[in-house]
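Q: Structure incoming, see below.
The values are calculated or read from the model by the stated rules, or taken from the named source; none is laboratory data. Fair warning: this is a prediction, and the values are worked out from it, not measured in the lab. Neighbour counts are summed over all protein chains in view; Cβ atoms, including those assigned to glycine, are modelled from backbone coordinates with ideal geometry. What goes into the accessible areas is simple: the full protein's heavy atoms, side chains included, and nothing from ligands, DNA or RNA. Shrake-Rupley method; radii C 1.70, N 1.55, O 1.52, S 1.80 Å.
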Amino acid sequence: MHFIQPTDRNQYILMNRLDDLIGYQHYARLIDVFVDWIFNTQPDLFMSKGNNHIGRKAYNPSILLKLYIYSYLNGISSSRKIEKECKRNIEVMWLMGTLAPDHKTISDFRKDNTEGICRVFRKLVDLLKESGYIKGQTISIDGTKIRANASISIDLESIEKRLDNLEEQLNNYLHQIDITDTIDQEIEIAEKEKQQLQREIEQLKSNIQDLEKQKEVLKDQGAKRISPTDPESRIMKSRQGKHFCYNAQVAVDAENKLLVTTAVVSQENDKGLLLPIVEKAERELGQSPQEILADAGYYVINQIEKIETEKDIECYVAINHNQREFKRIIYGIDFKYDASKDL
């Protein structure tokens, strides 16, 4: 058959250097240089476990940060999947110097260095600004819905039913303990049964406390439903229908379309978020932009006026007309009332 044949697996080959397998324009090299620069300028940015010379050696936090950034850029969030990439992905092997930390080490690094990772993003914004890639003059703001890790939901009615059920079980267990206490025969067996009942009672009480907390969250936040696995998420309408989501906000510099700042909120729509995002972008940039661009979802007139008068920033925000106002404009019957002429 006339096919291209693969290399014989039993044939010896002359291996190149690991460095030769990664192109000189590959973004992994940029990650490598950027993280080394971060740790040269701020060596105490991350929690270090390598200060103790007794016991097993720790991984350098710079190595783990490189892995974190690479995984983030490639949409890999699972620590177990990242661990696999360390053993099969030639780009990761180059970046890590063939080191392969286990998934718990990767997970603990992210958990223990949340603030440090956020500061790295701010350092990147500073670097891009100093290099001229971010001008900070025109900022565009928008939001998108991100699905939460929530497969089930509960409401007040289901919580009340569950509470009634648990309280009934609790009363039954308490009644069984009273019966056990009156048994004179087979004392040892009765005592074991009593200890088991007490453990189940403690678990029931813990479950009831959790449900009471969820009930308070529903009442305090005015939400109809919450997810027990991701209680901060909310039911939101997206292109894929209604799901438990978060509202991710981004501010992008118009010069090279680079992110200036981000935020994640539980609010379903963008109304009222313009001012907070503008102020966050100012803190990240260290300056006020000249112009703000946003769609009609951010149209709140008092916020726009405050940004323009107090911050001297021009706001270009689409007007959010309701259906009645829109019809008036379309059919040419829109007018302003003149009280002096009663017209």
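A quick yes/no check of all residues on (1) buried (at least 17 other Cβ atoms within 10 Å of the Cβ); (2) β-branched (Val, Ile, Thr); (3) at positive phi:
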{"residue": "Gly272", "(1), (2), (3)": "no, no, yes"}
{"residue": "Glu282", "(1), (2), (3)": "yes, no, no"}
{"residue": "Gln287", "(1), (2), (3)": "no, no, no"}
{"residue": "Gln290", "(1), (2), (3)": "no, no, no"}
{"residue": "Leu293", "(1), (2), (3)": "yes, no, no"}
{"residue": "Gly297", "(1), (2), (3)": "yes, no, no"}
{"residue": "Ile301", "(1), (2), (3)": "no, yes, no"}
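Q: All but one of (1) open to solvent by 100 Å² or more (accessible area, probe 1.4 Å); (2) under 44 Å from the mean Cα position of the chain (by Cα); (3) modelled with pLDDT of 80 or more hold for Asn10; state the number of the condition that does not hold.
A: Every condition holds for Asn10 apart from (2).
Q: Based on what the data block shows, is Tyr316 modelled with pLDDT of 70 or more, open to solvent by 70 Å² or more (accessible area, probe 1.4 Å), under 29 Å from the mean Cα position of the chain (by Cα) and under 29 Å from Ile277 (Cβ atoms)?
A: Taking the combined requirement at face value, the residue satisfies it.
Q: Only one of (1) acidic (Asp, Glu); (2) within 24 Å of the chain's Cα centre (by Cα); (3) at pLDDT below 90 is not met by Glu325, so which one is it?
A: (2)
Q: While we're looking at this one, here's another question. What residue, of Tyr59, Tyr133, is assigned to a loop (DSSP other than H, G, I, E, B) and touching a residue at least 60 places away in the same chain (Cβ under 8 Å)?
A: Every option except Tyr133 fails the conditions.
Q: While we're here: Go through the residues of the range 51-59 one by one and say whether even a single one is over 22 Å from Glu115 (Cβ atoms), open to solvent by less than 90 Å² (accessible area, probe 1.4 Å) and of a type in the set (Phe, Trp, Tyr).
A: To start, the set of residues in the range 51-59 that are over 22 Å from Glu115 (Cβ atoms) comprises 52-57.
Now drop any that are not open to solvent by less than 90 Å² (accessible area, probe 1.4 Å), which leaves 55.
Imposing the further condition that a residue be of a type in the set (Phe, Trp, Tyr) reduces the set to none.
Among the residues of the range 51-59, not one is over 22 Å from Glu115 (Cβ atoms), open to solvent by less than 90 Å² (accessible area, probe 1.4 Å) and of a type in the set (Phe, Trp, Tyr), which makes the answer no.
Q: Please specify each residue of the range 122-150 satisfying the condition of being loosely packed, with under 15 Cβ neighbours inside 10 Å, under 30 Å from His243 (Cβ atoms) and out of contact with any Cys (no Cβ under 9 Å at 6 or more places or on another chain).
A: Thr144, Asn149 - these are the residues of the range 122-150 that are loosely packed, with under 15 Cβ neighbours inside 10 Å, under 30 Å from His243 (Cβ atoms) and out of contact with any Cys (no Cβ under 9 Å at 6 or more places or on another chain).
Q: Please go through the range 93-114 and pick out each residue that is touching a residue at least 60 places away in the same chain (Cβ under 8 Å), farther than 24 Å from Ile22 by Cβ and in a helix (DSSP H, G or I).
A: Residue satisfying the conditions is Asp112 alone.
Q: Go through the range 247-271 and report how many residues are among the hydrophobic types (A, V, I, L, M, F, W, C) and not in a strand (DSSP E or B).
A: Number of matching residues: 1.
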